[in-house]
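The values are calculated or read from the model by the stated rules, or taken from the named source; none is laboratory data. As the structure is a computational prediction, the values presented were derived from the model and not from experiment. No Cβ is skipped: glycine too gets one built from the backbone with ideal geometry, and neighbour counts run over all protein chains shown. Side chains included, ligands, DNA and RNA excluded: accessible areas come from the protein's heavy atoms. Shrake-Rupley method; radii C 1.70, N 1.55, O 1.52, S 1.80 Å.
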Amino acid sequence: MSDLFSVAGKVVVLTGGLGQLGREFTTSLANAGAKVAVYSRRSITQAQFDELFPGLGENVRIYEASVTDKAALEAATDKVIADWGVPDVLVNNAGIDSKPDGGAEQNAPFEVYPQKFWDEIIDTNLTGVMLCSQVIGAKMAEKRRGSIINVGSIYGLVSPNQALYAYREKRDGVPFIKAVSYAASKSGLVNLTRYVATYWAEKNVRCNLISFGGVKTGSFDKEFVDNFLERVPMRRQAEKGEYNGVIQFLASDASTYMTGSNVVVDGGFTAW
């Protein structure tokens, strides 16, 4: 049974692998024996690499490519294939959101929310997933095997509850509205996942979505965290390592008959 869940020897492309969750996924998969190609829009030095991924130099490599640049994705994928072979797994993890401490314009009421922020978030969170799936998924389809894992959010299933953020206006005197763009981008992944899953099903390329809940990062106001946890049946945020298992499950042969699914890992947030 342990062999069924193994990812040893699999070639994994993981976008956004230098972020907090991305580093968790990269480290977990590499420690389990996978070869992880991290696609990043920024380069890092060897010293930075050694600090982020100590002892993983044989199993982790960084390839500079933005998920919104198809030509860069194609060039990076050609390098991965030359280095390690056609990827077995693609984890579409790269994503952005309006910053919790961002200016009022980023978190403006819907009526006046600037299109530039909509475009930026949709381009990365939705168009970027489509482009990565096009480029890497096509290579998988030629080999007639592969697993695409899209990283979603509870806000792809339910609308942000603006009551969670109401304390900001009381505290700062400026309206703070959780923006529409993040929710729209993550809900778009639900059907993009189904589309890709059915499109390549006969070529044995699977595509599944994981909808994550809140994760403990230390970057949110205590007021927000307290408000959020009142709505989580488990009364806590996820630890950063608690999402690794479902990533490895979908990357492994334990999930070979699973495609087009949305795995919700949210402490029960969407159960209420």
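Stretched out fully, how many nm does the piece from Asn31 to Asp226 gain, at 0.36 nm a residue minus the Cα gap?
66.8 nm
Which percent of the accessible heavy-atom area of the stretch 11-265 goes to carbon and sulfur, probe 1.4 angstrom?
Carbon plus sulfur share of accessible area: 50 percent.
Given a cut-off of under 8 Å on Cα pairs at least six residues apart, what relative contact order in percent is computed for the stretch 182-243?
28 percent
For the stretch 6-110, just the Cα atoms, rotate onto the principal axes and tell me the three extents in Å, largest first.
48, 29, 28
Among 144-155, 253-264, what's the highest-first ranking by average C-beta atoms within 10 angstrom per residue?
Packing proxy ranking, top to bottom: 144-155, 253-264.
Could you work out the relative contact order of the stretch 37-121, using alpha carbon pairs under 8 angstrom and six or more residues apart, expressed as a whole percent?
21 percent
How much FRET efficiency would the formula 1/(1 + (r/R0)^6) give for Ala163 and Thr45, where r is the Cβ-Cβ distance and R0 is 45 Å, rounded to 0.05?
FRET efficiency, Ala163 to Thr45: 0.55.
Provide Rg and Dmax in Å for the chain, with only Cα atoms included in the calculation.
Considering the chain through its Cα atoms, Rg and Dmax are 18.7, 57 Å.
Helix-derived [θ] at 222 nm for the chain: sum -39500 (n - 2.57) over DSSP H runs of at least 4, divide by residue count, nearest 500?
Taken over the chain, the calculation gives -11500 deg cm²/dmol.
Could you tell me the relative contact order of the chain? Use alpha-carbon pairs under 8 Å, at least six residues apart, and round to a whole percent.
19 percent
For every other residue with a beta carbon closer than 13 angstrom to the beta carbon of Lys116, add +1 if it is Lys or Arg and -1 if Asp or Glu, then tell me the sum.
Spelling it out: positives minus negatives among the neighbours equals -4.
Using a Förster distance of 45 Å, how high is the FRET efficiency between Lys79 and Gln115, based on the Cβ-Cβ distance and rounded to 0.05?
0.80
At 1.4 Å probe size, with every protein chain present, just tell me what the per residue accessible area of the stretch 1-101 comes to in Å².
Accessible area per residue: 47 Å².
Order the peptides 120-130, 165-175, 208-218 from the highest to the lowest mean number of other Cβ atoms within 10 Å of their residues.
Ranking, from highest mean packing down: 120-130, 208-218, 165-175.
Between Asp3 and Ala138, what is the label-point separation in nm under the 7 Å Cα-to-beta-carbon projection?
Computed distance between label sites Ala138 and Asp3 equals 3.6 nm.
Loop only by DSSP, 14 or fewer other Cβ within 10 Å of the Cβ. Give me the trypsin sites (Lys or Arg not before Pro) in the stretch 1-94 that pass, ordered by residue number.
The qualifying sites are Arg42.
Just give me a number: lysine pairs in the stretch 11-265, eight or more positions apart or cross-chain, with C-alpha atoms less than 12 Å apart.
The number of close lysine pairs in the stretch 11-265 is 4.
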